[in-house]
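The values are calculated or read from the model by the stated rules, or taken from the named source; none is laboratory data. Computed from a predicted structure; not experimentally measured. Using ideal geometry, Cβ is built from the backbone for each residue, glycine included, and neighbour counts are taken over all protein chains shown. The accessibility values were calculated without ligands, DNA or RNA, using every heavy atom of the protein model including side chains. Shrake-Rupley method; radii C 1.70, N 1.55, O 1.52, S 1.80 Å.
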Amino acid sequence: MSQIDIATIKEKLGYSNDIIFKEFQIDYGGNSRKVNLFYADGLVNTDSVQDFILETLMVEFPKLNTNQHPFLDLLTAGEIEEVTSTDTMYYNLFSGHVILIWDSNKILSIAMNGIKDRAVSEAMTETVSRGPKESFTESIRTNTALVRRKIKNPDLWLENMRIGKMTQTSVSIMYIKGIVSDKILEEVRNRLSRIDIDGILESGYIEELIQDSAYSPFPTMYNSERPDVIAAELLEGKVAILVDGTPHVLVVPALFISFMHSAEDYYQRADISSLIRILRFVGIFIALLGPSLYIAITTFHQEMLPTQLLIGLAAQREGIPFPAFIEALIMEITFEILREAGVRMPRTMGQAISIVGTLVIGQAAVDAGIVSAAMVIVVSITAISSFVVPAMNMSISIRMIRFALMGLAASFGLYGIILGIFALVLHLCSLRTFGVPYMSPFGPFIAEDTKDTLFRLPHWAMRKRLRLISQNNITRGNNKPPGPKR
Amino acid sequence: MLEKGKISHRQLTVLTLLYTIGTSILIVPSIMAVFSKQDGWIACLIGTAANLLTILIYSALAGRYPTLTLAEFSEKILGKWLGKVISLFFLSFIFLLSSFLLRVVGNFMTTHIMPNTPIEITIILFMAVVVYAVRLGIETTARAAEIFLPFVIALFLFLTFFLLPQIRIDRAEPVFENGIKPILLGAFYYFNLQEQVILMMLVPYTNRPEKARSALLAGTLLGSVVIIVSVLLSTLVLGTEFTQRNMYASYTLAKQISVGNFLQRVEAMLAIIWLITIFFKTVVCMYAVTLGTAQTLRLKDPRTLTLPFALLLVFLSLLVYDNIVSFVAFTPKVFSLYATIFMVIIPVGLLGIDALRSSFKQNQSSS
């Protein structure tokens, strides 16, 4: 390699003062050699630099008969590589390596990562009452380790790539060789390699850049911050995409039904989980259709209500100046604003929002004659129901579609709702996620794969993996119903 | 091939089932009561048998050209120009049928569900969703059918179960009161309301065409069971007289459900079943007509036809008959004879000519 000019490097780095440069001379092979050493302060562990590099070079080297050993062997650090391109050098520099330029002609990169990571903490978004509490962190290395700890098998493979021209974010594909479908894996690799963007700051960037249907409101990639969920998905033959800098790990392919499942479903007893899942589907039904059914029935199909209820509703609505649709819209939008405020606002102000919230969606609104009490109930139950969807992104899709259905209900009553549902189901059936039909195992119907969908069979009865996802090795285990040995 | 999607034979069964229930669940009980009185269910049984028999003919015909639709193999059998004429004639039947289906939806909705909404709007809305389905292709439609099927079955079982207490067997008596003739007449009308011949347009797109016959048979049989049950229930719960006077007898039937004063007014469920089934029937017809036209006219993409055909269908559906009275007169008397041409004469003719031709060819090659 040609001469490396340290001044050029300094200029390239814009003399940024977080890059620490050090220059000294040492004796090696009878000659005095120049050593340039630099690193990004904060990204490396300065104690280690002191102990293992500076100490070795400046204190131990002069004592040794250094001629007998190649220089690289003498450095007491684990991960040392010689780099030839300056691009790699800069990448390593900002990945927490110490760069050592030997005699102005050789670049050595020594891993000394010492960035302050957030500790592994409890999962914030996907909470369970039974099950592991840990969640991923922002460091991709910690995250891969958390998964590795769960699947101790050489077949758990990891492929790394760098995406983002400016950010050079490391993105890893994780899968279990032998279970994963090669077609899906190839598709993931292809789509990732096609990405052309300046920066990747969160896995959401990747999701939007590689998902199947750009114009669908439904998520076709699953994400989780729980290592146990990711391990379970890997065991089903799916592919995980880990992105440095975010605790949210992507999983493909993601079926519609998997957004309705929570990690806890697999840790509780099968019968309880099945009942809870059914409850969840009822919740989703209400979240999707609650207000629109109310609007349609009170506006067009009053005959469907029992007479006494109808009289009660009519009496309530007597003083209300708005049609049911506008009333529902006001309440729904108020609720959405409250929810958004609750998420964005500083934690300490939580109290204020809940007090104001109970005023605007509550008795005060009814007393003011703006909305009817029945509407408050409908909107509240809808709001609560939309939170039983375990996956946040699916819950958002359902909320969006709810507004469309409300519009249809206001214009065309039940007929509009039914046609809306037709279009919705058709749309869902047309979606694919990395080649797998989104609505499987219901559309196309695969009887064998329905054992972990609307309900969950006990673990001993789930003997096969999903057929459309893992084409290679579909046997999970061969258990008999448990009990004493007969 | 113009359509790249493939459906499994299970999906074909589901589509056939929904297609068979189609409009029939709503309008057949009344028509049967008019022509066959309390023996309507026997007429339906005979009609179903006839239906299954014709499916054997259709599948024998389709079996000779497993990769081609009717619009394609008619050209193979009759030669290019005569074949095209027959195809277009056949497609015009499907086109007309689609407009009838649309009009039935419009009529029912404006009469029973949305009396203040203009019929044009209901038809246009329905057509919009049908066009969406046709454009998404047969694969997506079949998947959606699989998802809706459990709801159809569950709702139907629910209605049937809660009607059981109101059954009075003596309403179906006396059996064979007027002899066999009215029953056969009813059977003939019932047979012609099913139009299973259109399903032949789907057979080449199943992944195993040799299993298509059993799929069509199973689907038709199951669908017919649903219709026969609804005819029986109409007779047994409402009685012949009342059923005759109700255009949409099974809708009236569902209104009879009343359990403990709280489970009432569940007729919307029947409307939902019916909307689902007629939706899939319309989609299959619309799909068949666009695909067939594209094949006959050698167009590259049948989807370019969906919007123009949709517009034509909306207007045609408003023109096909003046009012409900002419519909009641027209459907059994004229439409059934018209449908017979396409359901029996053309397929049998094609099969006969093809058999003659192939035996002729064999003779030539052997001599």
Query raised in the report: So which residues in the range B:76-117 are touching a Ser or Thr at 6+ places or on another chain (Cβ under 8 Å) and without any contact (Cβ under 8 Å) to a residue 60 or more places away in the chain, if there are any at all?
Result: B:G83, B:M109, B:T110, B:M114, B:T117
Requested in this report: For the range A:348-359, indicate whether the set of residues that are more than 14 Å from every other protein chain (Cβ to nearest Cβ), open to solvent by less than 40 Å² (accessible area, probe 1.4 Å) and in contact (Cβ under 8 Å) with a residue 12 or more places away in the chain is non-empty.
Outcome: yes
Query raised in the report: Hey, does the range A:296-315 have a residue that's under 40 Å from the mean Cα position of the chain (by Cα), of a type outside the set (S, T, Y) and within 14 Å of another protein chain (Cβ to nearest Cβ)?
Result: yes
Report task. Filter the range B:57-84 down to residues that are hydrophobic (A, V, I, L, M, F, W, C) and under 13 Å from B:Q295 (Cα atoms) and give me whichever is most open to solvent (accessible area, probe 1.4 Å). Result -> B:L68
Query - Sole residue being farther than 17 Å from A:K150 by Cβ and at pLDDT below 90, chosen from A:A214, A:A270 - result: A:A214
Report summary line: Residue set A:S385, A:S380, A:S440, A:S411; condition closer than 29 Å to A:E264 by Cα, of a type in the set (S, T, Y) and either within 14 Å of chain B (Cβ to nearest Cβ) or outside any helix (DSSP H, G or I) (or both); output residue A:S440
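Per-residue answers, yes or no, for (1) in a helix (DSSP H, G or I); (2) of a type in the set (V, I, T); (3) over 21 Å from A:A409 (Cα atoms):
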{"residue": "A:I276", "(1), (2), (3)": "yes, yes, yes"}
{"residue": "A:A287", "(1), (2), (3)": "yes, no, no"}
{"residue": "A:L309", "(1), (2), (3)": "yes, no, no"}
{"residue": "A:A315", "(1), (2), (3)": "yes, no, yes"}
{"residue": "A:I337", "(1), (2), (3)": "yes, yes, yes"}
{"residue": "A:S354", "(1), (2), (3)": "yes, no, yes"}
Report summary line: Among residues of the range A:117-136 being basic (K, R) and free of Cβ contacts under 8 Å to residues at least 60 places away in the same chain, the residue surrounded by the fewest Cβ atoms within 10 Å (Cβ to Cβ) is A:R118
Report summary line: Going through the range B:188-210 in order, the residues found to be closer than 19 Å to B:I25 by Cα and not in a helix (DSSP H, G or I) are B:L193, B:Q194, B:E195
Query - Enumeration of residues in the range B:6-59 that are within 30 Å of B:T140 (Cβ to Cβ) and of a type in the set (F, W, Y) - result: B:Y19, B:Y58
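Here's the yes/no breakdown for (1) farther than 30 Å from B:T111 by Cβ; (2) aliphatic (A, V, I, L, M); (3) touching a Phe, Trp or Tyr at 6+ places or on another chain (Cβ under 9 Å):
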residue: A:V282; (1), (2), (3): yes, yes, no
residue: A:F285; (1), (2), (3): no, no, no
residue: A:L289; (1), (2), (3): no, yes, no
residue: A:E303; (1), (2), (3): no, no, no
residue: A:L338; (1), (2), (3): yes, yes, no
residue: A:I355; (1), (2), (3): yes, yes, no
residue: A:V360; (1), (2), (3): yes, yes, yes
residue: A:A374; (1), (2), (3): no, yes, yes
**Report entry** Of all residues in the range A:413-429 being in contact (Cβ under 8 Å) with a residue 12 or more places away in the chain and not β-branched (V, I, T), the one that is surrounded by the fewest Cβ atoms within 10 Å (Cβ to Cβ)
**Finding:** A:L424
Query raised in the report: within 14 Å of chain A (Cβ to nearest Cβ), more than 30 Å from A:L431 (Cβ to Cβ) and under 18 Å from the mean Cα position of the chain (by Cα): does that describe B:G186?
Result: no
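Here's the yes/no breakdown for (1) in a helix (DSSP H, G or I); (2) under 26 Å from A:I115 (Cβ atoms); (3) open to solvent by less than 80 Å² (accessible area, probe 1.4 Å); (4) among the polar types (S, T, N, Q):
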residue: A:E11; (1), (2), (3), (4): yes, yes, no, no
residue: A:Y15; (1), (2), (3), (4): no, yes, no, no
residue: A:I20; (1), (2), (3), (4): no, yes, yes, no
residue: A:K34; (1), (2), (3), (4): no, no, yes, no
residue: A:D51; (1), (2), (3), (4): yes, yes, no, no
residue: A:V59; (1), (2), (3), (4): yes, no, yes, no
Query - Positions within the range A:443-465 being part of a loop (DSSP other than H, G, I, E, B) and either in the same structural domain as A:I179 (by TED's automatic domain parsing) or of a type in the set (V, I, T) (or both), in sequence order - result: A:I446, A:T453
**Report entry** Entirely in the range A:82-168, the strands (runs of 3 or more DSSP E) that have 2 or more residues that are within 15 Å of A:E225 (Cα to Cα) and of a type in the set (S, T, Y)
**Finding:** none
Requested in this report: Considering each residue of the range A:212-239, count those that are open to solvent by 30 Å² or more (accessible area, probe 1.4 Å) and either without any contact (Cβ under 8 Å) to a residue 12 or more places away in the chain or among the hydrophobic types (A, V, I, L, M, F, W, C) (or both), and give that number.
Outcome: 4
Query raised in the report: Does B:T160 satisfy the condition of being open to solvent by less than 30 Å² (accessible area, probe 1.4 Å), at negative phi and within 12 Å of chain A (Cβ to nearest Cβ)?
Result: no
Requested in this report: Report those helices (runs of 4 or more DSSP H) wholly inside the range B:213-317 carrying at least 3 residues which are within 14 Å of chain A (Cβ to nearest Cβ), touching a strand residue (DSSP E or B) at 6+ places or on another chain (Cβ under 7 Å) and of a type in the set (S, T, Y).
Outcome: none
Query raised in the report: Are there any helices (runs of 4 or more DSSP H) wholly within the range B:2-111 with 2 or more residues that are of a type outside the set (G, A, S) and within 14 Å of chain A (Cβ to nearest Cβ), and if so which?
Result: B:9-21, B:80-108
Query raised in the report: Taking A:F422 and the conditions (1) under 29 Å from A:A214 (Cβ atoms); (2) of a type in the set (F, W, Y); (3) under 27 Å from the mean Cα position of the chain (by Cα), which numbered condition does it fall short on, given that it satisfies the others?
Result: (3)
Report summary line: Scanning the range A:442-469 residue by residue, the ones that are in contact (Cβ under 8 Å) with a residue 40 or more places away in the chain and under 20 Å from B:S8 (Cα atoms) total 3
